[in-house]
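Read the structure below first, then the notes.
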Amino acid sequence: MVVVAKNLIKKYKDTMAVNGIEFKVQEKECFGFIGPNGAGKTTTMKMIYCFVPRTSGDLQVLGRDPSIHPELVKANLGVVPQDNNLDEDLNVFTNLTMYANYFDIPKAIARTRAKELLAFVQLTEKEKVKINELSSGMKRRLMIARGLINDPKLLILDEPTVGLDPQARHLIWDRLHELKKQNVSMIITTHYMDEATELCDRIAVMDKGKIMVVGKPKDLIRDHIGEEVVEVMLMDMPAGKLKQDTSGFNVTLEETSQKCYFYCRDCRSLLSHLADKGYKHILRRPATLEDVFLKLTGRDLVD
Amino acid sequence: MIKVSSRWTKVWYRNYISFLKFFYVNLVGNLGDPILYLLAMGFGLGAFLGQIEGVSYVQFLAPGIIVSSAMFAAVYECTFESFLKMIHLKTYDAIIVTPVNIEDVVTGDIVWGATKAMLSGIMMFVVITVFGLIHSWWSLFIPLLIFLVGLHFACFAMLITAWAPNFDYFSYFLELVITPIFFFSGIFFPLSQSPGWLRALSGTFPLTHAVELSRALVMGTVPQRPITNILFLIIPSIGLFYWSVWRMKKRMIK
Ligand SMILES: Nc1ncnc2c1ncn2[C@@H]1O[C@H](COP(=O)(O)OP(=O)(O)OP(=O)(O)O)[C@@H](O)[C@H]1O
Ligand SMILES: [Mg+2]
């Protein structure tokens, strides 16, 4: 086990950020946390990478308790926090070699490793550039390279692709897939459901400091939504009428002010029925993790 | 609990490398003020004054200017610079997720502050030597003295930084604490003729003791109370060091 958490609690002054969660991350696994803003994802990550102490509960990271010998735990972690914190006084290359020095990596090895990593995230030409001359996508890639400088056993990525263009996102996904092949364990948070589906072996959905469900993306989708989703645009029609019209069908229905969502295993009969009743604005699509997310955490903005 | 490991040297090294990048800017920034004081007060005002304690005014002033330049350098480094790294640049956040712990980071910054103090004190010392105001080989101990002064004020400043909510806080610290220390530690006038309460107060400033030692080293005279001087430069620093590391840890690790 890479991480084992039992009844983990983090309380800031008067906020319950993490409220008794339990999860395990296996070796070579890519484990994801998803959940709305303020769910407690970052706080959970910070407890794992020894940045904030837990309030109570058990936590083992790489077989050790982070509150006892943090430096031993941290030596084998790669951390990419939510906010970039590159060293703006140093150039791109020195950012990596200086970081290597914090890990007691000898200079010569650090230089080779830095060169390899810059090539890995396609920043070789930017080697001598100042940090504030990088685009935000480049900074993010450099953050990931920096997180890998010590050949970590566990890589922790808090929203690795936030604010990146599709090309940069795909490049990062590519690189993370490569790392998975090299058996690096990973923990990721993200607000992009496609990213979570793409990268994670298992996902925990968090809300209000609790883990609601954990599972493989496919299983989560199948168990909570089904195979397909039918979206019906209401176009000023009352939702009640639609409910009545489809009352004969054994499907889950969710409504928002603009749309109704039907979650079903096989939608064909429902679709033809809706067509018979004269509904026009209908979309049939495969169920996704986003449906699971919205179903479990609610479609409305919480705060 | 406070555990400082030898990894603080890595933080010191980081600061050193970043300092080299801005070497000339740093140089001018550090030397400007003390030289101005020396010229304006020493030669300017000094021209109207007679001798003080048997020497010319500029000669009286110079040893104090050396130690005060060290004080200002340390204070600047461990207030504005450290605060910037902690709050705005998130440099501390980045470092403490490596095996380097927060205690090491703070220690590295404090020793760096003392190093900067030593550099600026030494540069001032060179300037003063050029003006022909150094009279004894004993003055070779001055780098050690200003390192102690730097360490003291670096710890003191770091403690303030641990509490500071924003940069304005440092202006108060400078105006209400550092400037009075600067004016009343016997740099500009001998304390022997001041009222008793002022002499007592200034006797508690470690800077006063540094000034006394500096003056003795520069002139090659025997200081009146060397043991007291040295104790005042060391003991408070030890307390301030642990206190500031502890407060910084409390601030960073929540
Ligand atoms: N340093 C802190 N002091 C006080 N409260 C905090 C602190 N950090 C986080 N919180 C609170 O803890 C809760 C969880 O925050 P956290 O950053 O873990 O959420 P998150 O799931 O990462 O959200 P996001 O998706 O927006 O990044 C929030 O209510 C937040 O306001
Ligand atoms: Mg977060």
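The values are calculated or read from the model by the stated rules, or taken from the named source; none is laboratory data. Everything numeric here is computed off the predicted structure, so don't read it as measured data. Cβ placement follows ideal geometry from the backbone for every residue including glycine, while neighbour counts extend to all protein chains displayed.
Quick rundown of the values:
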item	result
Identity of the residue in region B:225-254, in contact with a Cys (Cβ under 8 Å, 6 or more places away or on another chain) and hydroxyl-bearing (Ser, Thr, Tyr), that ends up nearest to the other protein chains (Cβ to nearest Cβ)	B:244
Criterion (hydroxyl-bearing (Ser, Thr, Tyr) and within 16 Å of ligand 2 (Cβ to nearest atom)) met by exactly one of A:288, A:297, A:252	A:297
Per-region count, region B:191-240, residues over 26 Å from residue B:136 (Cβ atoms) and not in a helix (DSSP H, G or I)	3
Residue tally, condition β-branched (Val, Ile, Thr), within 23 Å of residue A:96 (Cβ to Cβ) and more than 9 Å from chain A (Cβ to nearest Cβ), over region B:1-27	1
Tabulated pairs, region A:16-45, first over 19 Å from residue A:82 (Cβ atoms), second among the polar types (S, T, N, Q) and within 16 Å of ligand 2 (Cβ to nearest atom), C-beta under 9 angstrom, 6+ apart or interchain	A:23/A:44
Criterion violated by residue A:116 - all others in (1) within 28 Å of residue A:26 (Cβ to Cβ); (2) surrounded by 20 or more Cβ atoms within 10 Å (Cβ to Cβ) satisfied	(2)
First in region A:178-190 and within 16 Å of ligand 1 (Cβ to nearest atom), second anywhere and charged (D, E, K, R) and in a strand (DSSP E or B), Cβ under 6 Å, 6 or more apart	A:189/A:158
Strands (runs of 3 or more DSSP E) wholly inside region A:129-239 containing at least 2 residues that are among the aliphatic types (A, V, I, L, M) and under 27 Å from residue A:21 (Cβ atoms)	A:154-158, A:185-189, A:202-207, A:210-215
Odd one out for residue A:207 among (1) away from ligand 1 (no atom under 16 Å from the Cβ); (2) farther than 18 Å from residue A:79 by Cα; (3) in contact with a helix residue (DSSP H, G or I) (Cβ under 7 Å, 6 or more places away or on another chain)	(1)
Single residue of A:140, A:111 found to be within 24 Å of residue B:100 (Cα to Cα) and within 16 Å of ligand 2 (Cβ to nearest atom)	A:140
Considering residues of region B:73-105 that are free of Cβ contacts under 8 Å to residues at least 12 places away in the same chain, more than 7 Å from chain A (Cβ to nearest Cβ) and among the aliphatic types (A, V, I, L, M) only, the residue surrounded by the fewest Cβ atoms within 10 Å (Cβ to Cβ)	B:84
The lone exception for residue A:6 - which of (1) among the basic types (Lys, Arg); (2) out of contact with any Asp or Glu (no Cβ under 7 Å at 6 or more places or on another chain); (3) within 24 Å of residue A:196 (Cα to Cα) it fails	(2)
Condition broken by residue A:75, with the remaining ones in (1) within 16 Å of ligand 2 (Cβ to nearest atom); (2) of a type in the set (A, V, I, L, M); (3) surrounded by fewer than 22 Cβ atoms within 10 Å (Cβ to Cβ); (4) in contact (Cβ under 8 Å) with a residue 60 or more places away in the chain satisfied	(1)
Number of positions in region A:78-130 that are of a type in the set (A, V, I, L, M, F, W, C) and more than 10 Å from every other protein chain (Cβ to nearest Cβ)	15
Counted residues, region B:149-188 - those being β-branched (Val, Ile, Thr), in contact (Cβ under 8 Å) with a residue 24 or more places away in the chain and within 23 Å of residue B:38 (Cβ to Cβ)	4
Residue among A:283, A:270 that is touching a residue at least 12 places away in the same chain (Cβ under 8 Å) and surrounded by 17 or more Cβ atoms within 10 Å (Cβ to Cβ)	A:270
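Here is a yes/no grid of residues against (1) more than 14 Å from every other protein chain (Cβ to nearest Cβ); (2) modelled with pLDDT under 95; (3) within 11 Å of ligand 2 (Cβ to nearest atom):
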residue	(1), (2), (3)
A:25	yes, no, no
A:30	yes, no, no
A:33	yes, no, yes
A:37	yes, yes, yes
A:43	no, no, yes
A:47	no, no, no
A:56	yes, no, no
A:61	no, no, no
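Condition check ((1) in contact with a Gly (Cβ under 6 Å, 6 or more places away or on another chain); (2) within 14 Å of another protein chain (Cβ to nearest Cβ); (3) among the charged types (D, E, K, R)) across all residues:
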position	(1), (2), (3)
A:148	yes, yes, no
A:159	no, no, yes
A:179	no, no, no
A:184	no, no, no
A:190	no, no, no
A:210	no, no, yes
A:215	no, no, no
A:242	no, no, no
